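Comments concern the structure below.
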Amino acid sequence: MSKPNLEIFSETLQKIAETDKDLYVVTSDSRGSGKLVPFGQKFPKQIVEVGIAEQNLVGVATGLAAMGKKAFAVSPACFLTARALEQIKNDVCYSDNPVKLIGISAGVSYGALGTTHHSLHDFAVLRAINNITIVAPADNYETEEAIKVATLLDKPVYIRFGKKSMPVNLDAEDAVFQFGKGRTIRQGSDLTFIATGEAVLPAFEAAKKLSKENNIEATVVSMHTIKPLDTELIAKLAENGKPIITVEEHSIYGGLGEAVGSFLMQNGFRNKFKIVGLPDDHTVSGSQNEIFEHYGISEKGLSELAMSLL
Amino acid sequence: MTENHLSLIEKSKEYRKKILKYIFNAKAGHTGGDLSIIDILNVLYNRIMNVSPENWHSNTRDRFIQSKGHCVEALYVVLADKGFFPEEDLLTMCQYNSPYIGHPTKYIKGMEQNTGGLGHGLSICCGNALAAKKDNSPIKVFTILGDGEMAEGSNWEAFMFAAHYKLDNLCAILDYNKLQITAPNAEVIGLEPLDKKLEAFGWAVRHVDGHNLEELENTLKSLPFEAGKPSFVIAHTIKGKGVSYMENTLKWHHGVPSAEQMELAMEELI
Ligand SMILES: Cc1ncc(C[n+]2csc(CCOP(=O)(O)OP(=O)(O)O)c2C)c(N)n1
């Protein structure tokens, strides 16, 4: 049954904590929004509350990680990657402490709560910081795998997801999950969608619509890892010269789209190319779905854009 | 004064001379603040902490994170003296491609964390101290904060945290030289009454003369000051301590002495 990735995150941590007593969750009054209340009840010794103090959240998680703990710092993506950015840059990345930074309710998941609660900057700021893996899982499977892989990785990681229900597994073939390796969830020869996080689903739906109604076959890739970027796969996808559309729940500046575009330009690919995301504008108000629709991160918007490129 | 303290006094003199030597060579450094924390570092590394090149990779070492990272030259000199790396390495300080940069980094053996942005060390120490408590480890965790640095809000987040979690294995030492870059703290943003503020935040607070080695040692040997509370040492210091023309002078925050000034300083430090 499909669930929000947030719930999968919490369930996965609980599974790991059953046997791994070095796993610690650090929260900033965010255990409820992080679905971590059951974790706290089952493993009271392995949850650390810092209060509404995101800088200290990342500092304390750093100190725990430096002592050999597997520390997950869990906070809304908007606050974690803005309020505590200097701690992420210096204490986690530069000092190379393997903290797992978990940005919950990312992108525009908070919908009508507005821009204070949106994180449309996190890929951009973190991409410019050395020594961090940036991950946005699309479905429940990717989320569970991302948390498992991050737990074992002795390096800084940022994982962000939303709270809307997501499919169990978008990839029928069930390819192995690996950081830095995009998952091709649909094959087609007319164009390619490279999407990330919760924007993969509308790209997938657009591809199905294009196939059914227009006889157009699109490849859809879940580029769950924004950094390091799977440039090998992008090169392979671009080889056919067909249009490429990137889709993300992030500003069109500095995210997946610009990363892919930069790679294509610098490597001689001249495919038609479009970046879909949130424009550099005051974000429209509404639910996550409504905001997605408004900016064309939707079955309709993406299929129309695809048609216009063909 | 015991034999014990005489040798520490000699060390402080040597350390001061070396700090100036390497800053003079590098043509860079935070001279005033180095000279104000060196006696504290001397006592920590030679009398208090269980940290040495031999136990560096052991989890049982005490932890020290210098939150006022800009005063790294003082820490370099002490770590070299402890044998963490050859002292001559410091001749490369701040030169092209040298790992001995102007702030602490883990590239250098003996450094726990990379600091330099103010207001970071204490939170990390809180994580260290909490992990030690969880593991029932007897280690102690230390940091040195600058008085200007105290204005960073993140410190106050950490003060609340340390008291809430009863981290009595944590000791923060304030290098209270009363100066920052622009002016005295009292003009920039006042700190007082500091002891009352920290006590209200749940810390056990002591004042010491930060250049009196015996007093520093006795104070730091009595940790924790109160069971169940983190300890805060307000070390009253003098920026530029030991070199008359540098003492209490704003411009020596990061001044490099001329050849004549070096000579004068060396004479005073005999
Ligand atoms: C977050 C941050 N802001 C600003 C600086 C620049 N800076 C370096 S030292 C310093 C003054 C520090 O004053 P204080 O803590 O009193 O240290 P001391 O005077 O003892 O050297 C400043 C503003 C910094 N390193 N980090």
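The values are calculated or read from the model by the stated rules, or taken from the named source; none is laboratory data. Model, not experiment: these values are computed from the prediction. Cβ coordinates were reconstructed from backbone atoms using ideal geometry, including for glycine residues, and neighbour counts include every protein chain displayed. The accessibility values were calculated without ligands, DNA or RNA, using every heavy atom of the protein model including side chains. Shrake-Rupley method; radii C 1.70, N 1.55, O 1.52, S 1.80 Å.
Residue ranges B:86-95, B:156-165, B:211-220 sort as B:156-165, B:211-220, B:86-95 when ordered by packing (mean number of other C-beta atoms within 10 Å per residue, highest first). Compared with the rule-of-thumb size 2.2 N^0.38 Å for a compact globular protein, chain B has a Cα radius of gyration ratio of 0.95.
For chain A, the solvent-accessible area with a 1.4 angstrom probe is 38 square angstrom per residue. Counts of other chain beta carbons within 10 angstrom of each beta carbon in peptide B:55-67 average 1.
Using the structure shown, select from B:Lys11/B:Lys134; A:Lys70/B:Lys109; B:Lys17/B:Lys229; A:Lys70/B:Lys166 the pairs with a Cα to Cα distance greater than 32 angstrom. Distance filter (> 32 Å) returns B:Lys11/B:Lys134; B:Lys17/B:Lys229.
The mean of 1/r over all distinct Cα pairs in the protein assembly as shown, once inverted, gives the Kirkwood hydrodynamic radius of 25.7 Å. Within 10 Å of the Cβ of each residue in B:115-122, the mean number of Cβ atoms contributed by other protein chains is 4. At a threshold of 20 Å², the residues of the stretch B:148-177 that become less accessible to a 1.4 Å probe in the full protein assembly than in their chain on its own are B:Ser154, B:Glu157, B:Phe161, B:Tyr165.
For A:Lys69, the aspartates and glutamates whose Cα falls under 18 Å of its own Cα, not counting residues fewer than eight places away in the same chain, are A:Glu18, A:Asp20, A:Asp22, A:Glu49, A:Asp91, A:Asp96, A:Asp154, B:Asp62, B:Glu112, B:Asp135. Its Cα gyration tensor gives chain A an equivalent ellipsoid, and the semi-axes of that ellipsoid, as √(5λ) in whole Å with the largest first, are 32, 19, 18. Can you classify the stretch A:43-160 as rounded, prolate or oblate using the Cα gyration tensor, where a ≥ b ≥ c are the square roots of its eigenvalues, rounded means a/c under 1.5, and otherwise it's prolate if a/b beats b/c and oblate if not? Since a/c stays below 1.5, the shape of the stretch A:43-160 is classed as rounded.
Loop-resident chymotrypsin sites (Phe, Trp or Tyr not before Pro) (DSSP state other than H, G, I, E or B) in the stretch B:58-131 with no more than 12 further Cβ atoms inside 10 Å of their Cβ: B:Tyr96, B:Tyr107.
The B-A contact accounts for approximately 2100 Å² of buried accessible area, totalled over both chains at a 1.4 Å probe radius.
Computed in the context of the full set of protein chains, the accessible area of chain B at 1.4 Å probe radius has 54% of its extent on carbon or sulfur. Adding -39500 (n - 2.57) for every DSSP H run of four residues or longer, then dividing by how many residues chain B holds, sets the calculated 222 nm ellipticity at -11500 deg cm²/dmol. Element breakdown for chain A at a 1.4 angstrom probe: carbon and sulfur atoms account for 51% of the accessible area.
What's the percent breakdown of Cα-Cα distances in the stretch A:183-309 across 5 Å bins, shortest bin first? Final binned percentages: 2, 12, 24, 25, 21, 11, 5, 1.
Here the convex hull built on the C-alpha positions of the stretch B:223-263 has a volume of 102 cubic angstrom per residue. To check you understand DSSP bridge types, tell me what percent of the beta bridges within the stretch B:47-204 (both residues inside) are antiparallel, rounded to 5. Counting DSSP beta bridges with both partners in the stretch B:47-204, the antiparallel share is about 10 percent.
Here the stretch A:173-235 carries DSSP beta bridges of which approximately 40% are antiparallel, counting only pairs with both residues inside.
Ordering A:Val60, A:Pro137, A:Pro243 by the projection of their Cα atoms onto the charge dipole of chain A, which places +1 on the Cβ of Lys and Arg and -1 on the Cβ of Asp and Glu, puts A:Val60 at the extreme positive end. Per residue, the stretch B:3-268 exposes 38 Å² of solvent-accessible protein surface, assessed with a 1.4 angstrom probe and all protein chains in place.
In the stretch A:6-65, the ratio of gyration radius to Kirkwood radius, Rg to Rh, stands at 0.94 when only Cα atoms are counted. Note on A:Lys209: lysines with a C-alpha under 27 Å away, same-chain residues under 8 apart excluded, are A:Lys3, A:Lys163, A:Lys164, A:Lys181, A:Lys236, A:Lys242, A:Lys272, A:Lys274, A:Lys300.
Partner shielding of A:248-258 amounts to 0, given as the average count of beta-carbon atoms from other chains within 10 Å of each residue beta-carbon.
Taking every C-alpha pair closer than 8 Å and separated by at least 6 residues, the mean separation divided by the residue count of chain A gives a relative contact order of 17 percent.
The distance linking the stretch A:201-230 with the stretch A:25-101 is 33 Å (Cα centroid to Cα centroid, whole angstrom).
The long axis of helix A:140-152 is offset from the longest Cα principal axis of chain A by roughly 50 degrees. Accessible area of B:Arg206 (1.4 Å probe, protein heavy atoms only, ligands and nucleic acids ignored): about 90 Å². Counting only DSSP H runs of at least 4 residues, each contributing -39500 (n - 2.57), and dividing by the residue count of chain A, the helix-based mean residue ellipticity at 222 nm comes to -10500 deg cm²/dmol.
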